[in-house]
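Below: the structure, in structure tokens.
The values are calculated or read from the model by the stated rules, or taken from the named source; none is laboratory data. These numbers were taken from a predicted model, which means no experiment stands behind them. Glycine also receives a Cβ, built like all others from the backbone with ideal geometry; neighbour counts cover every protein chain displayed.
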């Protein structure tokens, strides 16, 4: 039996706000923005896997934390999962350059 993992489809409770937060995370990890974002994490002494800390320091944009707070728990969970998946897909050369961000939890 070879079944592949498929993430469950969970309906979005507040699509407009969810989309804004999702877009902020996607922009941070875009090819043109990821190095700038990683530099801001380094300067802000934020732990890369501590999503709420990154939000609280405004590193994903000044309004993103407030929008995130408006989301229900399910939507917040999906955003956190997207953020964590995105940080693991950063190119190996950038991960090596920002080794300390990735090395420490």
For the stretch 7-33, which residues satisfy the criterion of being within 13 Å of the chain's Cα centre (by Cα) and assigned to a loop (DSSP other than H, G, I, E, B)?
-> 29, 30, 33
Check off (1) more than 14 Å from the chain's Cα centre (by Cα); (2) assigned to a helix (DSSP H, G or I) for residue 4 and give me the number that stays unchecked.
-> (2)
Do we have any residue at all in the stretch 51-58 that's closer than 17 Å to residue 94 by Cα, modelled with pLDDT under 95, within 14 Å of the chain's Cα centre (by Cα) and surrounded by fewer than 16 Cβ atoms within 10 Å (Cβ to Cβ)?
-> no
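Residues are listed down the side, and each one gets a yes or a no for (1) surrounded by 13 or more Cβ atoms within 10 Å (Cβ to Cβ); (2) touching a helix residue (DSSP H, G or I) at 6+ places or on another chain (Cβ under 6 Å); (3) within 18 Å of residue 87 (Cα to Cα); (4) modelled with pLDDT under 95:
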| site | (1), (2), (3), (4) |
| --- | --- |
| 3 | no, no, no, yes |
| 6 | no, no, no, yes |
| 14 | yes, no, no, yes |
| 18 | yes, yes, no, no |
| 22 | yes, no, yes, no |
| 26 | yes, no, yes, no |
| 29 | yes, yes, yes, no |
| 49 | yes, no, yes, yes |
